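Data block below; observations after.
The values are calculated or read from the model by the stated rules, or taken from the named source; none is laboratory data. Predicted, not measured: the structure shown is a model, and the values here were computed from it. Because the Cβ atoms are built from the backbone with ideal geometry, glycine has one as well, and the counts that use them run over all protein chains shown. All accessible areas refer to the heavy atoms of the entire protein, side chains included, with ligands and DNA or RNA removed. Shrake-Rupley method; radii C 1.70, N 1.55, O 1.52, S 1.80 Å.
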Amino acid sequence: MSHIAFIGLGNMGGPMAANLAKAGHQVRVFDLVPAAVAHAVEAGASAAKDAVDALTAAEVVITMLPASRHVEGLFLGDNGILSHIPAGALVIDCSTIAPATARKVADAAAARGLSMIDAPVSGGTAGAAAGTLTFIVGGDDASFERAKPVLSAMGKNLFHVGASGAGQVAKLCNNMALGAIMAVTGEAIALGVAHGLDPKVLSQMMAVSTSRSWATEVCNPWPGVLENAPASRGYSGGFGNDLMLKDLGLAAEAAMSVGASIPLGELARNLYAMNSQAGNGKLDFSSVVKLVSGEK
Ligand code: NAD
């Protein structure tokens, strides 16, 4: 059992903190949204009055925030938490952020004698709730070993992919592929429907054929095909379109920094930007299908 500070209780962080409490850890939580804190308390965590208060007695500090600026602001900004973290604590940032920001915050932590790893996740809100996330870790071997028991309470696949920042690079590679696959899956189903096909039957066929993917089998973008997919509940409660747009922007920056070509990744980034401009930024990213389905 560890004393864990958990900051950022949104669609992902909420269920992750709940799973840590369920596994017997002492979890002290904070989020800017009081309702998110109340939810975590119902799941067995204790409420902190602010981020610094959450750090009381912490042996492990976990953050799950939207983007680079939130992580940099929380750790290094005015009254940043870095200088309040108890000596010897392990810091784990699970947010998806720029690799350069991950390295910057980890270097600042190291300068204070603290170990920090980047551990972005894959598996979506369903994986967070079920405790079956994949963790993609960048950092040193000793920190990865220390993190394992805590990460195992929230996920089932742990990958150590390299030094600080490498977890973020690998995560961006995954999400760039996912963004393109989701967009083309939506296009394929819209094409079939325009020809009078049943989207359910078409999806069932694709799910056992050569185009099979998570986008078809788990998070199908067409409403009514999968009862538990965001598309069947008005695209609510999944992985936000604007978070996917953020990740594709980070992938574009990462590509430019090494001169890599990502033609489909760039095209996908523009599709999610168009979907955001259409007013769907807060909806699940599978709502990108609306650009081609005619649904408003
Ligand atoms: P979210 O917007 O639902 O939650 C983020 C939470 O952080 C919010 O509750 C917000 O109030 C809180 N927050 C922001 N700044 C804060 C601060 N300074 N102090 C305390 N709380 C603060 O986002 P999410 O869907 O949970 O995603 C979190 C991260 O995980 C993102 O980087 C995202 O890209 C990544 N991710 C999301 C999914 C998914 O399916 N939703 C999947 C994999 C990875």
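Things worth noting here:
- Residue satisfying condition, being in the same structural domain as residue 140 (by TED's automatic domain parsing), buried (at least 22 other Cβ atoms within 10 Å of the Cβ), more than 8 Å from the ligand (Cβ to nearest atom) and over 26 Å from residue 257 (Cα atoms), within set 61, 71: 61
- Of all residues in segment 140-159, those satisfying the criterion of being open to solvent by 10 Å² or more (accessible area, probe 1.4 Å) and either polar (S, T, N, Q) or assigned by TED's automatic domain parsing to the domain that holds residue 250 (or both) are 152, 157.
Yes/no per residue for (1) under 19 Å from residue 2 (Cβ atoms); (2) at pLDDT 95 or above; (3) surrounded by fewer than 21 Cβ atoms within 10 Å (Cβ to Cβ):
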| residue | (1), (2), (3) |
| --- | --- |
| 24 | yes, yes, yes |
| 30 | yes, yes, no |
| 41 | yes, yes, yes |
| 46 | yes, yes, yes |
| 57 | yes, yes, yes |
| 82 | no, yes, yes |
| 86 | yes, yes, yes |
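- Among (1) open to solvent by less than 70 Å² (accessible area, probe 1.4 Å); (2) not assigned by TED's automatic domain parsing to the domain that holds residue 13 - the single one residue 208 does not satisfy: (1)
Residue-by-condition table, conditions (1) in contact with a Cys (Cβ under 9 Å, 6 or more places away or on another chain); (2) on the phi > 0 side of the Ramachandran plot; (3) within 12 Å of the ligand (Cβ to nearest atom):
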site	(1), (2), (3)
40	no, no, yes
50	no, no, yes
57	no, yes, no
82	no, no, no
90	no, no, no
93	no, no, yes
126	yes, no, yes
132	no, no, no
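- Among the candidates 60, 121, 105, 91, the residue that is over 30 Å from residue 228 (Cβ atoms), in contact (Cβ under 8 Å) with a residue 60 or more places away in the chain and not charged (D, E, K, R) is uniquely 60.
Each row is one residue, and each column tells you yes or no for (1) over 14 Å from the mean Cα position of the chain (by Cα); (2) more than 15 Å from residue 150 (Cβ to Cβ).
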{"position": "61", "(1), (2)": "yes, no"}
{"position": "64", "(1), (2)": "no, no"}
{"position": "79", "(1), (2)": "yes, yes"}
{"position": "91", "(1), (2)": "yes, no"}
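- Test result for residue 107, acidic (Asp, Glu), closer than 21 Å to residue 2 by Cβ and out of contact with any Leu (no Cβ under 7 Å at 6 or more places or on another chain): no
- Scanning segment 117-139 for residues that are small (Gly, Ala, Ser) and open to solvent by less than 20 Å² (accessible area, probe 1.4 Å) returns 119, 127, 128, 131, 138, 139.
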